[in-house]
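Participant: Quick one: the structure is below, and I'll ask about it shortly.
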Amino acid sequence: MSDKNRKYIFVVGGVMSGVGKGVAASSIAKILQFNGLKTTAVKIDPYVNVDAGTMNPTEHGEVFVLDDGHECDQDMGNYERFLNSSLSRDSYMTTGSAYLKVINKERSLGYKGKCVDVVPHVPLGVMEQIENAGKKEKADVVLVEIGGTLGEYQNILFLEAARMMKNKYPNDVMYALVSFLPTPHKIGEMKTKPTQYAVRTMQQTGLTPDIIIGRSEIPMDDKRKEKIAFSCSIKKECVISAPDIDSIYDVPENFLGENLDKIIINKLNIKKTKKNNKKIDEWKKFVKSSKNGKKKVKIAVVGKYFDTGDFVLSDAYISIIEALKFSAYKNHIGVELTWVNSKKFEGKNVKKELSNLKKYNGVLIPGGFGTTGIEGKIKVIEFIRKNKIPFFGICYGMQLACIEYARNVCGIKDATSYEINPNGKNKIITILPEQKKLLKAGDYGGSMRLGAYPAKVKKGSLAYKLYKTEKISERHRHRYELNEKYIEILEKKGLIVSATSPDGKLPEIIELDNKKHPFFVGVQFHPEMKARPLDPHPVFNGFIKAAKEKMDK
Ligand code: GLN
């Protein structure tokens, strides 16, 4: 589509947070894709952090990394998984980044001596970035999710940008409100009033919804739709029922059932569309396969961001959870995840706790930072290596596997990482040279080795068997790396470096001989960030397959 005709759909949330704006926006993008349209997404987070990189995962969930290295909110992973495409830094924005852009422009005389105001200059910057995101992807339709809830102070500038966008493109912009409809038990009736208030609040910002997506526990009946339509001055068919469902991947089908794709296409007057039934069937097949897993492989995830209650977990490790599920469906099986706090393996009952691990078909150690729970994770790796339980180590998980091997197989008892003990004698894991300066300068934001880097997989390795190619590209987020000086010692004792950076310098994958251990693989990168529903990740596929074989034994 030419830049002139591009359409924009702003998605905002009413009544309360957490009603699933992100899933609604990704699902709208998906059903438009089903109609042959090229869609992309922009996520706006109202916080002042310039990006999500400096935030603790227990605070704001997983930090998702894009190909271009941008560190952003976990919702970006959601968009990539739904759209099956890789997004760029133009697709992510915060209050911090929006202001920073304007301030930097002012500092370099970009406003040519003018007085720079919050309005219009900040919203203009926001609009420019949204336009760039559309341009870059040559999108027909750009979905823009504005974080936060209507009525709060934080997102007001972004709502203003949404309003100004319609001034600029009167026929190409529409607004979808995702609202909540409670059914209080004592009353026993679904209530529309909070949504009516949300619409009033929205109108105060100069926006009127074209579509209202009603999130509720049970489906919305006709009467409620009529009531909302009447009181909010929109057509009844534009009130969409979006009840709770088993899986977020059900939402696109639900929207199709409500004819939401047709409504949007008509409203935006999009001329050329072509329903792609093959794509719809593929998606439906995936959703179906995600439900028929009676048998489940038991996977333990041993990590440390487990202190704040169960609901935090699914946020902090969302891409890993999804990647495991996609690969499980591909292997025609379900997956049962158990969160195990690594500190458990540092206390008194270590032996018993370790032996409990035998009930799992596979153990995954995800990425992490700092020193908490590290010794416990190393104990776990030793146990599963010796007991031949499938192991998958990601980033820190891979680094710790190298330390364990150095300590217990190569006899380097004090093997450590620079991150754990910068003064240690045997730093098996060392700091990347360029990182030393950055840390010294206190430069923590967006400064790790970030984003997609190519790597070369060694033929004949297990990694090669999984990827079926020598050239791969994976996303990174780390400051430390397996120390070159120790590679020979580790390899002599059987640890295999099965992928490196193309120049051979940076180790990217380590593994144990597949004949001696059913599956022992560590990766320096984050494969979970490239796993997609219809295109699961090869290393996750291999891990689940090994776990399934162990279960069937
Ligand atoms: N803390 C380790 C590093 O910075 C691992 C990072 C990670 O697991 N993402 O290298």
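Participant: Between LYS285 and ASN259, what FRET efficiency follows from the Cβ-Cβ distance if R0 is 30 Å, with the result rounded to 0.05?
Facilitator: 0.85
Participant: Between LYS425 and LYS465, what is the FRET efficiency for a Förster distance of 51 Å, r being their Cβ-Cβ separation, to the nearest 0.05?
Facilitator: 0.90
Participant: Considering only VAL539, GLY14, TYR92, whose Cα is most displaced toward the positive end of the charge dipole of the chain, charges sitting on Cβ of Lys, Arg (+1) and Asp, Glu (-1)?
Facilitator: Positive-end residue among those listed: VAL539.
Participant: In debye to the nearest 20, how big a dipole does the chain give about its Cα centre with +1 on each Lys and Arg Cβ and -1 on each Asp and Glu Cβ?
Facilitator: Here the size comes out at about 1500 debye.
Participant: Work out how much length LYS295 to SER501 would gain on full extension: take 0.36 nm times their residue separation and subtract the Cα-Cα distance, in nm to one decimal. Each step should come with its number before you reach the end.
Facilitator: Values: separation 206, 0.36 × 206 = 74.16 nm, distance 3.86 nm.
That works out to 70.3 nm of additional length.
Participant: Any idea how far the Cα center of the stretch 132-154 sits from the one of the stretch 329-404, in Å?
Facilitator: 39 Å
Participant: Report the net charge of residues surrounding PRO184, where surrounding means a beta-carbon distance below 11 angstrom and charges are Lys +1, Arg +1, Asp -1, Glu -1.
Facilitator: Working: positive: LYS186, LYS191; negative: GLU189, GLU217.
Computed value for this residue: 0.
Participant: Here is a follow-up. Classify the stretch 427-503 from the C-alpha gyration tensor, please: rounded if a/c falls under 1.5, else prolate or oblate depending on whether a/b exceeds b/c.
Facilitator: Numbers: a/c = 3.47, a/b = 1.49, b/c = 2.32.
Oblate, since a/c reaches 1.5 and b/c is not below a/b.
Participant: Which net charge results for the neighbourhood of PRO502, defined as the other residues with beta-carbon distances under 12 angstrom from its beta-carbon, given Lys and Arg at +1 and Asp and Glu at -1?
Facilitator: That works out to 0.
Participant: What trypsin sites (Lys or Arg not before Pro) does the stretch 360-458 have in DSSP loop regions with at most 12 other beta carbons within 10 Å?
Facilitator: On the way: sites: LYS377, LYS379, ARG385, LYS386, LYS388, ARG407, LYS413, LYS425, LYS427, LYS436, LYS437, LYS440, ARG449, LYS456, LYS458; in loops: LYS388, LYS413, LYS425, LYS458.
Filter output for the stretch 360-458: LYS413, LYS425.
Participant: Toward the positive end of the charge dipole of the chain, about the Cα centre and with charges on Cβ (Lys, Arg +1; Asp, Glu -1), which of LEU83, THR183, VAL523 goes farthest?
Facilitator: The listed residue farthest towards the positive side: VAL523.
Participant: Also, I was wondering about something else. Just report the Cα centroid separation between the stretch 503-547 and the stretch 413-468, whole Å.
Facilitator: Rounded to whole Å, the Cα centres lie 17 Å apart.
Participant: So, counting K/R as plus one and D/E as minus one, what does the shell of residues with Cβ under 10 Å around SER88 add up to?
Facilitator: Within the 10 Å Cβ shell, the charges total -2.
Participant: If the only charges are +1 at each Lys and Arg Cβ and -1 at each Asp and Glu Cβ, what is the size of the charge dipole of the stretch 379-474 around the Cα centre, to the nearest 20 debye?
Facilitator: Result for the stretch 379-474 is approximately 380 debye, rounded to the nearest 20.
Participant: What accessible area per residue, rounded to a whole number of Å², is obtained for the chain using a probe radius of 1.4 Å?
Facilitator: Heavy-atom SASA per residue in the chain reads 44 Å².
Participant: What does the C-alpha gyration tensor say about the overall shape of the stretch 1-109? Classify as rounded when a/c is under 1.5, otherwise prolate if a/b is larger than b/c, or oblate.
Facilitator: The shape class here is oblate.
Participant: Separate question: Of THR371, ILE264, ILE487, which is farthest along the charge dipole of the chain in the positive direction, counting Lys and Arg as +1 and Asp and Glu as -1 at C-beta?
Facilitator: ILE487
Participant: Let me ask something else about it. For the chain, which whole percent of the accessible surface, found with a 1.4 angstrom probe, sits on carbon and sulfur atoms?
Facilitator: 51 percent
Participant: Quick one: putting +1 on the C-beta of Lys and Arg, -1 on the C-beta of Asp and Glu, what dipole do you get for the stretch 138-234 around its Cα centre, in Debye to the nearest 20? Before the final figure, lay out the partial values.
Facilitator: On the way: 13 positive and 11 negative charges, 47 e Å.
Charge dipole of the stretch 138-234: 220 debye, to the nearest 20.
The values are calculated or read from the model by the stated rules, or taken from the named source; none is laboratory data. Worth saying up front: this structure is predicted, and the values here are computed from it rather than measured. For neighbour counting, all protein chains shown are included, and Cβ atoms are generated from backbone atoms with ideal geometry for every residue, glycine included. When the accessible area is computed, the model is the full protein with side chains, heavy atoms only, and any ligands, DNA or RNA have been set aside. Shrake-Rupley method; radii C 1.70, N 1.55, O 1.52, S 1.80 Å.
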